[in-house]
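Each remark here refers to the structure printed beneath this line.
The values are calculated or read from the model by the stated rules, or taken from the named source; none is laboratory data. Because the structure is predicted, anything quoted here is derived from the model rather than measured. Every residue, glycine among them, receives a Cβ derived from its backbone with ideal geometry; neighbour counts consider all protein chains shown.
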Amino acid sequence: MADRENILVTGGGSGIGRAVAIRMGKQMTVIVADLNEDGANETVAEIEKAGGAAYAIKTDVSDSASVRDMKDFIAKDIGPVSKAFIGAGIFIRGVVGQIPEEDWDRMIDIHVKGTLLCAQAALPDMVAAGRGAIVTMSSDFAVMAVPGAAAYMAAKSAIYSLTKVIALEFAPNIRANALGPGPIDTPILKSNRTPEEYEKALGTLAEGLPIGRLGQSEEVAAVADFLLSDRASYMTGQIVHPNGGQLMW
């Protein structure tokens, strides 16, 4: 394991982040950062069970001191990172005229500020090595208009814009791309819904997709794996949409 490169995965305690961490754990040592420490530890256990190496660290990506502690832990106990998947996020519903200011601030802090802070934590190692790759978690909603999701959409649009600037400023040796998933069956989809509402949402969302079903976290992780790998060596500053056809260009 000593010769493995290191990857930082934020939001790795559940959902897409966990799927990315587990998949990348087959080839790299994974630092699983999540505010949900129990979730991060569960992800680490899955990676170790499969023969990989991983470390969990409780991290609030919206807090600069917490991210700094994460960076110090990585530098002291693990070593430089060559890749990063920045995926921590939440979803809060709300129409424009009724979004509480605290909900707006929380969405922007976790998604946008969190992406910036974690990129700032990971990039120096990549600059020093002269190579690296970053994948951020945007959304189909970055380029769509959907009622009731204004704060989420604003945050995801900002992440895509930030990713493009990272790609430009750190080219040619460090690549940065964004994922823009469509409806994926993750814990976020269940948040603030009763079991009945969740089942109804599954059916409603699936009916609107050309592929006829929701995506799975592992399917998004496969795209992240590609973007982080040398197979995507000519791709940077892009948003890639594993979305079942919800958005077509």
Problem set entry | Pairs, first buried (at least 17 other Cβ atoms within 10 Å of the Cβ) in segment 30-52, second acidic (Asp, Glu), C-beta under 7 Å, six or more apart | LEU35/ASP60; ALA40/ASP34
Seminar exercise, completed: Log entry, pairs with first residue in segment 150-167 being more than 9 Å from SER138 (Cβ to Cβ) and without any contact (Cβ under 8 Å) to a residue 60 or more places away in the chain, second being surrounded by fewer than 24 Cβ atoms within 10 Å (Cβ to Cβ) and of a type outside the set (A, V, I, L, M), beta carbons closer than 6 Å, six or more apart or on different chains, reads ALA151/TRP104; MET153/PHE141
Problem set entry | Residue list for segment 69-107, restricted to those being among the basic types (Lys, Arg), surrounded by 14 or more Cβ atoms within 10 Å (Cβ to Cβ) and part of a helix (DSSP H, G or I) | LYS71, ARG106
Seminar exercise, completed: Log entry, pairs with first residue in segment 113-139 being within 22 Å of HIS241 (Cβ to Cβ) and of a type in the set (Ser, Thr, Tyr), second being modelled with pLDDT of 95 or more and outside any helix (DSSP H, G or I), beta carbons closer than 6 Å, six or more apart or on different chains, reads THR115/ILE86; THR115/THR136; THR136/ILE86; THR136/ALA178; SER138/ALA178; SER138/GLY180; SER138/ILE239; SER139/GLY180
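In this structure, is LYS58 free of Cβ contacts under 8 Å to residues at least 60 places away in the same chain, out of contact with any Leu (no Cβ under 9 Å at 6 or more places or on another chain), of a type in the set (Lys, Arg) and more than 19 Å from SER139 (Cβ to Cβ)?
Working: free of Cβ contacts under 8 Å to residues at least 60 places away in the same chain: yes; out of contact with any Leu (no Cβ under 9 Å at 6 or more places or on another chain): no; of a type in the set (Lys, Arg): yes; more than 19 Å from SER139 (Cβ to Cβ): yes.
The answer is no for LYS58.
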Exercise. Among the numbered criteria (1) closer than 17 Å to LEU228 by Cβ; (2) surrounded by 19 or more Cβ atoms within 10 Å (Cβ to Cβ), which single criterion is violated by PRO183?
Worked result: (1)
